[in-house]
Structures are given as C-alpha cells and as structure tokens.
1. Val320 versus Asn178, label points 7 Å from Cα toward the beta carbon: distance in nm?
2. In which sequence would Asp29, Asp125 go, from the one with the fewest C-beta neighbours within 10 Å to the one with the most?
3. How would Leu96, Leu196, Leu144 line up from fewest to most surrounding beta-carbon atoms within 10 angstrom?
4. Could you line up Lys56, Lys201 from fewest to most neighbouring Cβ atoms inside 10 Å?
5. For q values of 0.19 Å⁻¹, compute log₁₀ I(q)/I(0) with the Debye formula on a Cα-only model of the range 99-224, without solvent.
6. What pairs from Lys56/Lys236; Lys40/Lys201; Lys176/Lys226; Lys45/Lys79; Lys79/Lys292 go past 27 Å between their alpha carbons?
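What follows draws every value from the coordinates through simple rules; no lab data is involved. Remember, it's a predicted structure, so these values are computed and weren't measured experimentally. Using ideal geometry, Cβ is built from the backbone for each residue, glycine included, and neighbour counts are taken over all protein chains shown.
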Amino acid sequence: MNSLTLCDASEMESGKARLLRGDSMPEGDTIYRAARALQKAIGGKVVTGFETGLAKLARVNDDAPLVGRVVERVESRGKWLLIFFSGDLILVTHMLMSGSWHLYRTGERWRMGRARMRVVIRTADWEAVAFNVPITEFHTARSLARSSQVPMLGLDILAEEFTVEGGVARLDAYAKENSETEIAVVLLNQRVLAGLGNVYKSEVAFAAGVNPFRAMRTITRQEMEKMVEVAQRYMKANVADGVSTVKRGERIVTYSGNRRTTHAMDREERLWVYGRQGQECRRCGATVMMRKQGVQARSTYWCPECQPWVGIGEAPVGRVSLVRRGKIGS
Ligand SMILES: [Zn+2]
C-alpha cells in the first residue's frame with residue numbers, strides 16, 4: 001500500500017480502532033504525527049496544484065494562487081494543523097471527529113471518495129488530501145495571531161522546548177485563577193497545556209494517582225509534576241511509535257491504533273483505565289469507573305482506589321456497568 005493515512009477518524013469508527021469510538025477526537029500526538037509526516041513529504045516543496053471543494057478557500061486561491069508557493073512548514077498546535085506557504089498564507093485545519101489528512105504518491109488512487117475531498121495540495125511527488133475536514137481557513141500571520149479560535153496555545157507538550165517545570169508553572173498559574181475547576185477538565189484545556197486529548201486525560205490522572213474530579217486547589221505541586229512528567233512521556237512514546245512505522249510509500253498508518261500507556265503488547269492491555277469501566281484495575285483489582293465530566297460531558301475513567309478522593313463531600317461515583325470483554329479495543 002502506498003498511502004499514508006495520517007489521521008483517520010472514520011477508520012476508527014468503522015473497524016480496527018474501535019477503542020476510541022464515540023469519543024474519537026484525535027489527540028494532540030495524532031495531529032503532531034500528521035503534521036510531521038506532511039512536513040516530511042511536502043515541506044520545502046513547491047506547490048504544483050491546489051484544489052478545494054470549499055468556496056471560501058477557492059476565493060482566496062483565485063486572488064492569490066497557491067501554485068508556485070513553497071510549503072514552508074507544517075506544524076501542529078494542539079489539535080490544529082497549520083500549513084505555512086511562502087508569501088504569508090497559512091492553511092489552518094481542525095479534524096474534529098470526522099476529518100483526515102491522507103498522503104498519496106502522485107497519481108495514486110485515493111482511498112476515499114472525491115465527494116469528501118475538501119483540499120488537495122500537490123507537489124511534484126505527493127498529493128496531500130484533506131477529507132471531511134470540518135474546519136479549514138486561510139490566514140495571514142496577522143489574522144492568525146488575532147484569531148480567537150486557533151490557539152495562542154498553551155505550552156505544547158510535544159514542543160522541544162517544553163519542560164516539566166514550565167508545564168507545572170502553567171497548571172499552577174491556572175489553579176490560582178480557577179481553584180474549583182476539576183483537574184481532568186484542566187488537562188483537556190488546550191490553552192493551559194496543549195496536546196492532551198480525552199484518552200490521555202484519564203491515563204495521566206491514573207498514572208499520577210490523582211482523582212480526576214478533584215478541584216485544582218487540592219492538587220499538590222508534586223502531583224502536578226507527576227502528571228506533567230507522565231503526560232510528556234506518554235505523548236513522546238506514542239510519537240516515537242509512529243516514527244518507526246511511517247516509511248514513505250510503504251504502509252498505511254492509523255495513528256489511533258497504537259496508543260499505549262501500559263507497556264504491554266496486547267492491544268487490549270494498552271490502556272490503564274480508558275474505556276475499561278466495570279473491569280478490574282490493572283494495579284489494584286478495584287472496579288474501574290466512568291463518569292461524564294465537564295460542560296462537554298467527556299467520558300472520564302478512573303480507579304477509585306488508586307485515585308482517592310480529596311475534597312469536600314462524598315467521592316464522585318461513576319458507572320461501573322460491565323462492558324463485554326472484547327468490545328472495547330478489540
Ligand atoms: Zn486501582
């Protein structure tokens with residue numbers, strides 16, 4: 001197979017990677033890898049063709065054509081993917097639940113229907129195709145800086161300059177202004193730390209022994225350090241997994257499939273708590289719980305024994321209804 005599927009939410013839903021079904025917003029590491037693969041293929045190359053099914057983008061292309069510009073760099077900011085072209089033009093996309101970027105060798109048959117194509121960027125050797133990407137915008141450096149949507153990101157966990165100390169400072173500063181906000185909600189807030197998605201949110205809280213419903217004011221500095229350290233380690237490990245499998249023109253990569261935090265090889269063994277409600281905690285044997293959390297009602301998984309409650313009132317309780325084994329992550 002000659003194509004790379006960089007981030008394919010539909011594949012998660014349809015088959016192999018059912019692990020994330022129903023909650024399948026790509027994580028920051030997924031977008032990071034997509035950006036890196038795109039950078040490797042089309043970075044520094046001259047655009048030889050541009051197509052779009054979106055009137056808004058087509059208009060910009062009519063006024064200031066993409067063809068002839070150089071792809072200066074491809075970069076991820078949390079869950080946003082940015083393609084910088086020479087002459088101060090930036091294509092900004094967000095995959096949300098449905099979108100994906102594919103890379104094809106020139107002339108190769110697409111694996112998705114043309115009707116779903118939103119953007120095609122061609123260079124001499126490659127076609128980068130965005131399918132079903134719900135948010136796509138052109139920006140200049142200036143309009144990007146002013147955009148309230150595209151993060152003026154929090155610290156990007158995968159950035160080279162990221163340090164545990166810097167991440168902790170960020171959490172600490174946020175806690176001072178938002179002392180009652182629950183920690184797992186903060187872990188998902190891309191303006192605090194950029195990159196963590198819903199899966200890692202639960203995994204990181206578990207690894208640090210922190211109950212995800214605790215208010216920020218109850219979180220100690222040591223716990224912050226542990227969470228930031230683990231977050232960085234998990235994200236880096238998953239990115240590294242991706243590298244070894246991304247070989248140009250060799251195989252399809254679905255980045256959803258190989259996320260892993262437990263160091264076990266079997267895919268069902270990969271995650272500590274995410275998607276495991278009603279099953280035994282891998283560490284202590286207690287029953288893993290799930291509860292919807294925050295205004296967005298994202299699923300949060302935790303072990304009530306390994307992640308004890310600290311705070312006012314009763315410990316939060318979640319659903320523990322047994323999930324048929326094999327249904328999740330198989
Ligand atoms: Zn436990």
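1. The answer from the label model is 3.1 nm.
2. Ordered from fewest to most neighbouring Cβ atoms within 10 Å, Asp29, Asp125 come out as Asp125, Asp29.
3. The order, fewest Cβ neighbours first, is Leu96, Leu144, Leu196.
4. Lys56, Lys201
5. -1.03
6. Beyond 27 Å: Lys56/Lys236; Lys40/Lys201.
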